[in-house]
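These notes are about the structure you will find just below.
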Amino acid sequence: MNSTISRRKAARAAAAALALTGLLTACGGSGSSDTKASGSSEPVTLPFWGWANGQPDVVTAFNASHKDIKLKYTKVTDQLTMQKQLANALKAKNAPCLVQNTAEYVTSLVSQDALADISQYVGSAKDKFNAGAWASGQVQGKTYGVPTSSAPNFTVYRTDIFAKYGLKAPATWDDFIAAGEKLKKHGVYLTNYAGEDPSTLEVLAMQAGAHWYAIDGDSWKVDFQDAGSLKAAKVIQEIIDKNLASKLSFADYAAVQQNYDKGGTATRQISTWQMAGMVQNFTKSNGKWATSPWPTYPGDAAKTPAGTNQSGGVTLVTKECEHQEQAAEAALWMSTNSGAVETMASPETGNGVMPALADSDTYVGKSISEKLLGKNYEPANKVVTDSLGTVTTDWVFGPNWTAMYTELATGWAKVMNKEQKVTDLLAHMQEWTVKDLKSRGINVKG
């Protein structure tokens with residue numbers, strides 16, 4: 001992505017504030033040895049945990065091209081399972097050397113003294129990556145992981161359904177809701193809101209300019225009720241109140257995909273990696289989808305949210321790893337080797353993730369699906385490329401993000417059940433997050 005300098009500054013500022021609270025005081029040097037034992041002819045074996053499609057093929061290619069380092073891959077079910085298994089492994093002191101993860105967890109893992117500082121091993125490769133992606137693996141100017149992906153975001157919609165009912169791709173959120181009202185008359189949902197997944201609120205708030213976490217002097221500042229959050233709340237509440245969204249849980253992933261495939265729901269706001277699940281599960285609607293930019297808030301310029309979930313991926317090196325230099329080398333290879341990058345970028349062979357490389361634009365065509373888009377494939381190249389230049393750059397993940405997000409998910413379920421309003425949830429999260437940070441001994445304002 002092209003406009004990421006302010007996000008990098010924000011990440012460094014956040015880390016500095018953490019240091020002031022004493023949260024990172026336990027973090028030190030590289031820890032364990034990072035070279036093979038003298039005289040040993042056996043290759044170093046590095047356990048690697050991940051969940052992404054395509055990783056087994058990348059590991060096979062790495063092992064075939066390296067004599068002295070071998071990766072031992074373990075597939076974890078998904079991102080949330082990874083966090084639970086990694087937490088247990090860290091407690092038991094048997095964490096793997098390499099871990100697939102996402103940007104929102106890096107600060108928390110560093111605060112737990114769980115990650116190795118690999119700056120000396122990968123620092124010279126910094127210019128190979130776009131600035132925003134590189135920052136995702138950094139805390140307080142030190143590098144703890146190698147970025148794996150960037151975060152274009154866009155809308156996909158069913159062209160046949162839109163054409164049937166005289167609709168155009170929504171340019172604004174007002175257009176989006178109006179389209180949903182028309183679709184509802186014909187038994188079609190506008191979008192899907194899973195009751196366990198509050199990322200919808202997160203990304204719409206992010207796009208609207210919200211800052212749930214920020215730095216104010218030597219303290220964290222918490223604000224879940226700023227103008228951006230309230231703008232997002234208004235859009236989401238209207239969609240919920242008007243029953244424009246299906247409510248299928250991602251726990252039944254196949255059912256969600258079948259719903260889209262059969263035309264039960266007509267749009268998604270996604271990144272490239274989510275196309276992989278669509279392509280792999282669709283049997284009826286391939287070729288009937290098109291892309292458009294994210295709807296904008298009235299009067300706002302085009303803007304898409306920064307990386308979340310698999311869109312802001314990193315390969316992290318744990319502090320327990322006895323061979324940190326080799327682990328860093330392996331992580332760097334997986335993110336820069338052309339064959340590995342192409343494997344992961346494809347929605348057919350990998351996860352459809354946009355590479356984190358400085359020249360990510362050149363991979364757009366490989367990371368979107370011609371099978372899914374049909375005649376709309378060529379126009380989609382520009383939509384996705386343009387989105388890389390409009391990604392928000394000033395979002396900060398707080399030090400208690402994991403706990404906060406769990407609480408947010410609990411409240412989101414109540415919102416989806418119409419037991420409370422989105423604004424009620426935001427008010428609760430304001431109070432809860434401030435209280436939680438204080439309980440951890442962290443300076444906070446809010």
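Taking segment 152-172 as the search range and keeping residues that are assigned to a strand (DSSP E or B) and modelled with pLDDT of 95 or more, which one is farthest from I368 (Cα to Cα)? The extreme case among them is T172. For segment 320-341, which residues satisfy the criterion of being part of a loop (DSSP other than H, G, I, E, B) and surrounded by fewer than 24 Cβ atoms within 10 Å (Cβ to Cβ)? E320, E322, H323, N337 - these are the residues of segment 320-341 that are part of a loop (DSSP other than H, G, I, E, B) and surrounded by fewer than 24 Cβ atoms within 10 Å (Cβ to Cβ). Of the candidates A276, A306, A255, the single residue that is closer than 27 Å to Q83 by Cβ, free of Cβ contacts under 8 Å to residues at least 60 places away in the same chain and either surrounded by fewer than 19 Cβ atoms within 10 Å (Cβ to Cβ) or not basic (K, R) (or both) is A255. The residue of segment 238-278 that is nearest to V364 (Cα to Cα), among those that are of a type in the set (D, E, K, R) and at pLDDT 95 or above, is R268. Does any residue of segment 349-361 turn out to be out of contact with any Asp or Glu (no Cβ under 9 Å at 6 or more places or on another chain), on the phi > 0 side of the Ramachandran plot and not in a helix (DSSP H, G or I)? Yes, segment 349-361 has at least one match.
If the condition is being assigned to a helix (DSSP H, G or I) and surrounded by fewer than 17 Cβ atoms within 10 Å (Cβ to Cβ), then segment 173-198 contributes D174, D175, A178, E181, K182, K184. At least 2 residues being among the β-branched types (V, I, T) is the threshold, and among the helices (runs of 4 or more DSSP H) wholly inside segment 65-150 those reaching it are 106-111.
Of all the listed residues (M416, M344, M404, M429), the sole one being in the same structural domain as V58 (by TED's automatic domain parsing) and surrounded by 16 or more Cβ atoms within 10 Å (Cβ to Cβ) is M344. Would you check which residues across segment 374-403 are in a helix (DSSP H, G or I), of a type outside the set (S, T, N, Q) and more than 30 Å from F282 (Cβ to Cβ) and list them? Across segment 374-403, the qualifying residues are W401, A403. State all residues of segment 227-253 that are of a type in the set (K, R), assigned to a helix (DSSP H, G or I) and over 23 Å from the mean Cα position of the chain (by Cα); if no residue qualifies, say none. Correct list: K234 only.
The residues on offer are T267, T283, and the sole one that is closer than 20 Å to P170 by Cα, of a type in the set (S, T, N, Q) and either in contact (Cβ under 8 Å) with a residue 12 or more places away in the chain or outside the structural domain of I118 (by TED's automatic domain parsing) (or both) is T267.
The values are calculated or read from the model by the stated rules, or taken from the named source; none is laboratory data. Only a predicted model underlies this, so the values are computations on that prediction, with no experimental measurement involved. Don't worry about glycine lacking a Cβ; one is built from the backbone with ideal geometry, like all the others, and counts go over all protein chains shown.
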